[in-house]
């Protein structure tokens, strides 16, 4: 993405109280993930290169690229009507958007933009409350539903006592019940092991998000891209695997695809566009990212997403 927009947007976010939490402390999982991502190199394959098609199919719908906005919330502090502005940007860019914490009225306003929305419900202890959230989201017309299974104790900055509804870990049986109630594709977020990947698939999930919640769940969490190839092998070639955690550029997205992802989620990078230019800034970040991805595909002889060759990646530790 545009370097100036990234830097100016980050300054504006910091001034508004949204600090970049990928600091230098030794166990910072977000920083470690970014360092691992940057350690991966790309081999060029230019002879016989063809036009590149970035379009992605997911759950029966086609999107402009293998990019999505990861689950965000509280963006009114970044930009007036921030969540809806983000949704408008996602719609114009041709990608889908995740939504985290938020009331039903806000979800209806976001869905009313026409954007394709994935509503991620928190793992509240009250199962009835979770089922009510699922029902209201389904009624709002979401594209898919999901749950942040790693958020059962909140985050290191906001423990569960911070939230009005207590949360707790979910069982395989709980997930099966929620997935049955969803009646739309259900995505399990916060998967960072083969063990949880198997359980999510067994529960009937339509997809997963390989994620450590922006580093807020656990220090020294394994970088998502490092464990991604193992999870892909565990779930097979066709199972939708999304990933998030520090993505900024189209080259980052290509690395994720080569290591087994179906699509990569953007959070902070989208916020830098939102804080500076509203919906137009969100659209700009996403379209520039897809354009960067197309550039990488052209220089690696990758005509479409099904042709991404993992052997183009160098510097990758064996996994």
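Residues of the stretch 83-113 that are free of Cβ contacts under 8 Å to residues at least 12 places away in the same chain and crowded, with 24+ Cβ neighbours inside 10 Å: none at all. Looking only at the stretch 94-105, residues that are touching a strand residue (DSSP E or B) at 6+ places or on another chain (Cβ under 8 Å) and either more than 14 Å from residue 145 (Cα to Cα) or assigned to a strand (DSSP E or B) (or both) come to 6 in all.
When the stretch 36-74 is filtered for residues that are crowded, with 21+ Cβ neighbours inside 10 Å and more than 29 Å from residue 238 (Cα to Cα), nothing remains. Within the stretch 195-207, residues that are at pLDDT 95 or above have Cβ atoms under 7 Å from residues that are assigned to a helix (DSSP H, G or I) and buried (at least 24 other Cβ atoms within 10 Å of the Cβ) in these pairs: 197/231, counting only partners at least 6 apart in sequence or on another chain. The set of residues in the stretch 110-156 being assigned to a loop (DSSP other than H, G, I, E, B) and under 25 Å from residue 21 (Cβ atoms) consists of 122, 123, 153, 155, 156. Here residue 167 meets each of (1) over 28 Å from residue 34 (Cα atoms); (2) at pLDDT 95 or above with one exception, condition (2). Against the list (1) within 19 Å of residue 263 (Cβ to Cβ); (2) surrounded by 16 or more Cβ atoms within 10 Å (Cβ to Cβ), the condition residue 170 fails is (1).
The values are calculated or read from the model by the stated rules, or taken from the named source; none is laboratory data. The structure displayed is predicted, hence computed values, not measured ones. Because the Cβ atoms are built from the backbone with ideal geometry, glycine has one as well, and the counts that use them run over all protein chains shown.
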